[in-house]
1. How many Å² of accessible area per residue for region 36-106, probe 1.4 Å?
2. Along the Cα→Cβ direction, 7 angstrom out, place labels at residue 44 and residue 86. What is the inter-label distance in nm?
3. So for each of 135-147, 118-130 I average, over its residues, the number of other beta carbons within 10 Å; can you give me the resulting order with the highest mean first?
4. Share of the chain's accessible area from carbon and sulfur, percent, 1.4 Å?
5. Using θ = phi - 60° and the Karplus curve 6.51 cos²θ - 1.76 cosθ + 1.60, what whole-Hz ³J(HN,Hα) does each residue of region 31-46 get, with Gly and Pro shown as x?
6. Rounded to whole Hz and in sequence order, give me ³J(HN,Hα) for region 124-129 from the Karplus expression 6.51 cos²θ - 1.76 cosθ + 1.60, θ = phi - 60°, writing x for Gly and Pro.
7. Tell me the relative contact order for region 33-142 as a rounded percent, counting alpha carbon contacts under 8 Å between residues six or more apart.
8. Classify the chain as rounded, prolate or oblate from the Cα gyration tensor: take a ≥ b ≥ c as the square roots of its eigenvalues, call it rounded if a/c is under 1.5, otherwise prolate when a/b beats b/c and oblate if not.
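The values are calculated or read from the model by the stated rules, or taken from the named source; none is laboratory data. Because the structure is a prediction, the values reported are computed rather than measured. Virtual Cβ from ideal backbone geometry, glycine too; neighbours counted across all protein chains shown. Remember, those area values only see protein heavy atoms, side chains included, never the ligands or the DNA or RNA. Shrake-Rupley method; radii C 1.70, N 1.55, O 1.52, S 1.80 Å.
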Amino acid sequence: MAQVAYPLINGVRYDYSSIEIKLNGNTYRGVKEVAYNETLEPSKVYGTSAEILGATRGVYDCSGSVTMYKSDARALREALVGAGQNGWGEKSFDIVVTFSANGEAVQTDQLIGVRLKGRDASHSQGPDALEEKYDLHIMKIISDGQQMISNPLA
């Protein structure tokens, strides 16, 4: 079983600047946040007893979001459908998040079959750059070569 070395003397832990994010094959630097999660939700099986007889394997699901600065968000939409074209919410693409820091192993998370399913664009006065947040529809997450379920679809 792998152990994390404590303390890490000759290196640094992952931080946000350790991340490289590729959306649709292109590297984007103007990504403020990328978040994703996955669940395997089992169901309880009951029979004629008040006690649980067992549980199902469960249903796999995943979702996420990405927050980008306004100009980068426009560049992503244009990369999906072309400048001035419609239908960016119907296009599927992959997101690759790579973590790399001195003293840490390189880790890569793949978000497969992603679609932009909703957009939140809220702008207010102040010194901060304008942002757009997209809710993501994700088909599958592969975290550093591993998947949450055994025998996944190819």
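1. With all protein chains present, region 36-106 gives 62 Å² per residue.
2. 4.9 nm
3. Listed from highest to lowest mean packing, they are 135-147, 118-130.
4. Whole-percent figure for carbon plus sulfur exposure: 48.
5. My calculation for region 31-46 gives 9, 7, 8, 10, 9, 8, 8, 9, 9, 10, 9, x, 10, 7, 10, 10 Hz in order.
6. Karplus values, whole Hz, x for Gly and Pro: 9, 5, x, x, 7, 5.
7. Answer for region 33-142 is 26 percent.
8. oblate
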